[in-house]
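Data first, discussion second: the structure below is written as structure tokens.
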Amino acid sequence: MVFIDKLAVVDEKAQLGTDCHIGPFCTVGPNVRIGDNTILKSHVVIEGHTTIGADCEIFPFVTLGIQSQDQKHHAGSVSYAKIGDRNTIREFVSIHNGTEEGSMTSVGNDCALLAHAHIGHNCVIGDHVIFSHNALAGGHVIVGDHANIGALAAIHQFCHIGTAAMVAGMSRVIQDVLPFTIAEGFPAHMRVINKIGMERAGYSSEEISIVRKTFRMLFMRELRLHDAAVEVRKHFPDDKNVALMLEAVDASQRGLARPENATYEINVG
């Protein structure tokens, strides 16, 4: 059974799943689809062509599927926002739809987006991702599964944050952060392996050890990055986590948030 508070405004064309709860002063547009057991507490605004999965909990003053702030947006174009299952979206979070015709902003499953977080147009956010308070992702940002974005961190447009990476609070990310690493600073630089994050995501001690060795080989030796990557491939030709890191190296378009010189002592000393 669907519950819609008498003070909510839900378009008759909106598609609501079983046992949805729409609280007071919520607004749900005609092209919105909401999955089973999802709760909109109050004052939630969902517009555009937006799909929300099952078992989500959405807190007051959240805006989802709102028109992109990108100045390239053309009035009348149709773009999308897609949010997966079992997500917690706290107060004042904003998630915008894509900019170009037919494009999409997407958030995976089991994410926690804390108060005032912002997901910009055309972002792709993986599963089990945490955006802490006031964490911001500009347009076209990609964030891998199990990543953790700290409070007040800002991620520049088109940056990639790898799987199980962590961006420390108040960091300014202007280049890509490799999987399994921690980046911090202004601008942010990768510093160490995200050992705790990897453990929480279920990686074994052996997997963590190999990732740490890979990080040292890539950045803690006097080798050009290309030559270091070749050496890593020789040492760990079949390791899937190493392959993920090297794929991120090869695919980077904004460049990598490389460690500073002081990082050497942390990782090798």
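May I ask you to list the trypsin sites (Lys or Arg not before Pro) in the range 1-87 that are in a DSSP loop and have at most 14 other Cβ atoms within 10 Å of their Cβ?
Details: sites: K6, K13, R33, K41, K72, K82, R86; in loops: K6, K13, K41, K72, R86.
Passing both the DSSP loop test and the Cβ count: K6, K13, K72.
Local charge sum around H146 (other residues, Cβ-Cβ under 12 Å, Lys/Arg +1, Asp/Glu -1)?
Surrounding charge for H146 is -3.
Taking springs between alpha-carbon atoms closer than 10 angstrom, which of H49, H73, H156 fluctuates most in the Gaussian network model of the chain?
Greatest mean-square fluctuation among the candidates belongs to H73.
As a test of the formula, what do you get for the chain when each DSSP H run with n ≥ 4 contributes -39,500 (n - 2.57) and the sum is divided by the residue count, at 222 nm and rounded to the nearest 500 deg cm²/dmol? If you can, show how the numbers build up before the last one.
Values: 5 runs with 50 residues, N = 269.
Computed ellipticity for the chain at 222 nm equals -5500 deg cm²/dmol.
Which of the peptides 61-71, 130-140 is most tightly packed, and how do the rest follow, going by the mean number of other Cβ atoms within 10 Å of each residue? Numbers along the way, then the final one.
Values: 61-71: 18.5, 130-140: 21.6.
Order by mean packing, descending: 130-140, 61-71.
Scan the range 54-135 for GluC sites (Glu not before Pro) in coil per DSSP, keeping those whose Cβ has at most 14 other Cβ atoms within 10 Å, and list them by number.
Qualifying residues, ordered by number: E101.
Over 29 Å between Cα atoms: which of K13/K41; K82/K213; K195/K234; K13/K82; K6/K82 fall into that group?
Values: K13/K41 21 Å; K82/K213 37 Å; K195/K234 24 Å; K13/K82 18 Å; K6/K82 27 Å.
From K13/K41; K82/K213; K195/K234; K13/K82; K6/K82, over 29 Å: K82/K213.
Might you report the magnitude of the Cβ-based charge dipole of the range 3-140 about its Cα centre, with Lys and Arg at +1 and Asp and Glu at -1, to the nearest 20 debye? Walk me through the intermediate numbers first.
Working: 8 positive and 15 negative charges, 41 e Å.
So the dipole magnitude of the range 3-140 works out to roughly 200 debye.
Over the range 53-121, what portion of Cα pair distances is larger than 20 Å, expressed as a whole percent? Please report the intermediate quantities before stating the final value.
Details: 599 of 2346 pairs.
Of all Cα-Cα distances in the range 53-121, 26 percent exceed 20 Å.
What Kirkwood hydrodynamic radius, in Å, does the range 140-269 give when the mean of 1/r is taken over all pairs of distinct Cα atoms and then inverted? Walk me through the numbers on the way to the answer.
On the way: mean 1/r = 0.0692 Å⁻¹.
Value: 14.5 Å, from the Cα pair sum.
In debye, nearest 20, what is the charge dipole magnitude of the range 200-268 about its Cα centre with +1 on Lys and Arg Cβ and -1 on Asp and Glu Cβ, if you could check?
That gives the range 200-268 a dipole magnitude of about 100 debye.
Along the charge dipole of the chain, Cβ charges K/R +1 and D/E -1, which of Y80, M220, A8 sits furthest on the positive end?
M220
Given C-alpha coordinates of the range 3-140, what is the ratio Rg to Rh with the Kirkwood estimate of Rh?
Details: Rg = 13.5 Å, Rh = 14.4 Å.
Ratio of gyration radius to Kirkwood radius for the range 3-140: 0.94.
Sort the range 200-268 into rounded, prolate or oblate with this rule: let a ≥ b ≥ c be the square roots of the eigenvalues of the Cα gyration tensor; rounded if a/c is under 1.5, and if a/c is not under 1.5, prolate when a/b is larger than b/c, oblate otherwise. If you can, show how the numbers build up before the last one.
Working: a/c = 1.45, a/b = 1.18, b/c = 1.23.
Rounded, because the longest to shortest axis ratio a/c is under 1.5.
So how long is each side of the chain along the principal axes, counting just the alpha-carbon atoms, biggest first, in Å?
So the extents along the principal axes, rounded to whole Å, are 66, 38, 32.
Readers should treat all values here as calculations from the given coordinates under stated rules, not as data from a laboratory. What you see is a predicted model; the values in this text were computed from it and never measured. Virtual Cβ from ideal backbone geometry, glycine too; neighbours counted across all protein chains shown.
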